[in-house]
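Following: one structure in structure tokens, then a few remarks.
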Amino acid sequence: KAGVTQTPRYLIKTRGQQVTLSCSPISGHRSVSWYQQTPGQGLQFLFEYFSETQRNKGNFPGRFSGRQFSNSRSEMNVSTLELGDSALYLCASSLTFLYEQYFGPGTRLTVT
Amino acid sequence: DAKTTQPNSMESNEEEPVHLPCNHSTISGTDYIHWYRQLPSQGPEYVIHGLTSNVNNRMASLAIAEDRKSSTLILHRATLRDAAVYYCILRDVRGGGSNYKLTFGKGTLLTVNP
């Protein structure tokens with residue numbers, strides 16, 4: 001069974017630009033969550049989607065948004081990038097909320 | 001969210017057992033105890049979870065105190081590949097709202113010496 005895939009793996013953007021990250025969950029998994037990991041703040045929850053509906057959102061500004069498609073694939077978008085958005089963005093999928101989450105390798109975003 | 005407390009770091013020798021503690025004194029009756037680990041340059045990886053009884057799987061064992069205010073992740077024979085940050089997380093079985101997310105603390109950095 002293929003794992004969670006994230007594209008791209010690495011990305012360099014300039015302040016003020018926007019970026020879209022993609023996540024393909026494990027086949028059959030309908031829940032997709034996104035996390036941001038930085039050295040200072042650690043792993044922080046961004047949002048979670050199930051059957052195309054956002055069920056919970058973390059404490060991030062509105063510049064961070066996401067969506068989920070009917071095939072469970074998910075994208076997250078960050079607009080008006082700031083230097084502080086440089087981080088590893090992780091996507092995780094699971095069957096339902098209580099089951100274990102399977103994480104992808106992450107997308108390393110660098111904002112210059 | 002119920003809070004967990006873990007030591008910042010621990011050290012072990014290869015092929016010896018490792019006991020990673022976690023305190024969760026404010027745990028509620030509907031909180032599951034989950035453990036994840038993150039190897040260097042990888043996303044977190046599920047290890048094990050339990051509610052009240054001790055649990056075993058191919059990766060580790062989870063020992064839960066009778067009052068559920070603490071738990072211990074046991075790696076029976078540590079290998080170099082087990083060097084990682086280990087996170088102890090509580091998740092409410094009732095679900096809904098904030099329960100859909102994993103709330104990561106700082107975890108315990110496990111170093112395994114050859």
How much accessible area is lost when chains A and B come together, counting both sides, with a 1.4 Å probe, in Å² rounded to the nearest 100?
1600 Å²
Determine the share of region A:20-86's accessible area contributed by carbon and sulfur atoms, expressed in whole percent, with a 1.4 angstrom probe.
44 percent
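With all protein chains present, how much of the accessible area of chain B (probe radius 1.4 Å) comes from carbon and sulfur, to the nearest whole percent? Don't skip to the answer; put the middle values down first.
Numbers: 2690 of 5690 Å².
Carbon and sulfur: 47 percent of the exposed surface of chain B.
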Which residues, if any, in region A:52-88 lose at least 40 square angstrom of accessible heavy-atom surface (probe 1.4 Å) when the other protein chains sit next to their chain rather than the chain being alone?
A:R55, A:N56
Accessible area per residue, Å², the protein assembly as shown with all protein chains present, probe 1.4 Å
48 Å²
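The values are calculated or read from the model by the stated rules, or taken from the named source; none is laboratory data. This one's a predicted model, so the numbers in the text were calculated from it and none came from an experiment. Calculation scope for accessible area: heavy atoms of the full protein, side chains included, ligands and nucleic acids excluded. Shrake-Rupley method; radii C 1.70, N 1.55, O 1.52, S 1.80 Å.
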